[in-house]
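Visitor: Below is one structure. I have some questions about it.
Please treat every number below as a calculation from the coordinates, not as lab data. Just so it is clear, the structure is predicted and the values come from calculations on it, not from any experiment. For neighbour counting, all protein chains shown are included, and Cβ atoms are generated from backbone atoms with ideal geometry for every residue, glycine included.
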Amino acid sequence: MAPLLEISNLSVRFHSDKAEVFAVNGLDLSLDTGKAIAIVGESGSGKSTVMMAVMRLLQSNASITGQVKLDGTDVLQLPEKAMRRLRGKEMAMVFQNAGSSMNPTKTIGDQMIEPMLFHHMASARDARQVAVKLLHQVGIPDPEERLNNYPFEFSGGQLQRVMIAMALIADPKLLIADEPTTALDVTVQAEVLILLKKLQRERGMGLVFVTHDLAVAAQVADDIYVMYGGFVMERIAASELTTHLVHPYLRGLVQSIPKIDGPRTELPYIPGQPISITGGLPDGCVFASRCDKRFVKCHERPRHISISQQHSVSCWLAEGGVEQA
Ligand SMILES: Nc1ncnc2c1ncn2[C@@H]1O[C@H](COP(=O)(O)OP(=O)(O)O)[C@@H](O)[C@H]1O
Ligand SMILES: [Mg+2]
């Protein structure tokens, strides 16, 4: 069966007066129906850009090449009108700050019911019932009454749940969640993660979960894509994360996952600054400047090679390179 989402050789550059930003560089990604993948990387590694390209929501200073197939249709080639139908209906997105993407002057009920009426998905009475059911599914108590509340009357965690309910209105095949729990405290974050995972399983949706937190990624996803400088460094099954890693970047990230009882840290404890992708890319591996395993070959850009069906990597070590002591 063809993948639900198949991204091939996607590149995105942003143009500005000053310089070009090489935000995404030849990215391949594949997600099957009913599976979850996580895209992990430091801030600025290009995660949101990939997802905004999938939703075709990038700003006009972006130039995009490659293919983004949803159920076999290249969304990059669709006219905007067809794209509007696809957004929300076939694929929906949940963002980091639920509050800022909602209308503060309208009740949650109105904000959930209006799109259903607009798309002729339900009668007014049915739409209200659908909204109640969805709020119940995402764990909002007293959903009937809560429909009459405004966004400011919800806590951060509840608002994130409401936003997930909104994303599910049209029963999308693909749900994209871009750092949906980053602004929440750890306990609430864990609850929202469990909810997303549960909904994904129950509905058989494809889920793309974007995060800077590798530990979170491992909890949610079947497959993990690690990005650095706009490239996928390694793609690996979550179950093999601690045993089969190749890329020194990812190994560093795994080592920096905090112990359960230790202090919580953000990505990463790898020395050095993220590569600048403004103005051009280095000739060699983008991670070389921070890599403690680099050797002569790393002056050339590594290919992304397959190690097994679920495992691929961009690193010369995978091609028989010799580690430096
Ligand atoms: N509209 C834009 N114009 C110029 N540069 C942008 C724009 N949007 C994002 N970028 C740049 O693209 C790179 C990747 O950004 P982003 O995809 O948001 O990273 P992430 O989500 O991993 O933090 C960053 O260097 C960011 O500054
Ligand atoms: Mg982002």
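Visitor: Calculate one ³J(HN,Hα) per residue across segment 300-313 by plugging θ = phi - 60° into the Karplus curve 6.51 cos²θ - 1.76 cosθ + 1.60, and present them in order as whole Hz with x for glycine and proline.
Guide: Karplus-based 3J(HN,Hα) across segment 300-313 equals 9, 6, x, 7, 8, 10, 7, 9, 8, 4, 9, 9, 9, 8 Hz.
Visitor: OK, next. Can you run the Rg to Rh ratio on the chain? Use alpha carbon positions and the Kirkwood inverse-distance Rh. Let's see the in-between values first.
Guide: Details: Rg = 20.6 Å, Rh = 20.8 Å.
My calculation of the ratio gives 0.99.
Visitor: Right, another one. Over the Cα atoms of segment 195-248, what is the Rg over Rh ratio if Rh follows Kirkwood?
Guide: Radius of gyration over Kirkwood radius for segment 195-248 works out to 0.99.
Visitor: Now, a different point. What ranking, highest mean first, results for peptides 67-73, 150-156 when packing means the other Cβ atoms within 10 Å averaged over each residue? List each step's numbers first, then the result.
Guide: Values: 67-73: 16.4, 150-156: 14.9.
The peptides rank, most packed first, as 67-73, 150-156.
Visitor: Please state the relative contact order of segment 67-176 as a whole percent: Cα pairs under 8 Å, 6+ residues apart?
Guide: Details: 123 pairs, mean separation 42.5, N = 110.
Dividing the mean separation by the residue count of segment 67-176 yields 39 percent.
Visitor: Could I ask something else about it? Given Cα positions, please report Rg to Rh for segment 154-262, the hydrodynamic radius being the Kirkwood one.
Guide: 0.98
Visitor: Between 115, 143, 271, which gets the highest mean-square fluctuation from a Gaussian network model of the chain, Cα cutoff 10 Å?
Guide: Fluctuation is largest for 271.
Visitor: Read phi for every residue in segment 158-175 and hand back ³J(HN,Hα) as whole Hz from Karplus 6.51 cos²θ - 1.76 cosθ + 1.60, θ = phi - 60°, with x for Gly and Pro.
Guide: These are the phi-based 3J(HN,Hα) values: 5, 5, 5, 5, 4, 5, 5, 4, 4, 5, 8, 3, 8, 6, x, 7, 10, 10 Hz.
Visitor: Now for a separate question. Just how many pairs of Lys in segment 1-92 have C-alpha atoms closer than 23 Å, counting pairs that are eight or more places apart or on different chains?
Guide: So the count works out to 9.
Visitor: In whole Å, how far is the Cα centre of segment 46-73 from that of segment 294-314?
Guide: Each part's Cα centre sits 24 Å from the other's.
Visitor: Additional query: So what is the relative contact order of the chain, in percent, for Cα pairs below 8 Å that sit 6 or more residues apart?
Guide: Values: 612 pairs, mean separation 68.6, N = 325.
Computed over the chain, the figure is 21 percent.
Visitor: Please compute the length gained on full extension between residue 254 and residue 305, using 0.36 nm multiplied by the number of residues separating them and subtracting their Cα-Cα distance.
Guide: Values: separation 51, 0.36 × 51 = 18.36 nm, distance 2.11 nm.
Once the chain is fully extended between residue 254 and residue 305, it gains 16.3 nm.
Visitor: Kindly provide the pair-distance distribution of segment 98-171 built from C-alpha pairs, with 10 Å bins from 0 and whole-percent values in order of increasing distance.
Guide: 22, 61, 17, 0
Visitor: Stokes-Einstein D for segment 1-142 at 25 °C, 0.890 mPa s, Kirkwood Rh over Cα pairs, in µm²/s? Can you show the working numbers first?
Guide: Working: Rh = 17.5 Å.
Value of D from the Cα-based Kirkwood radius: 140 µm²/s.
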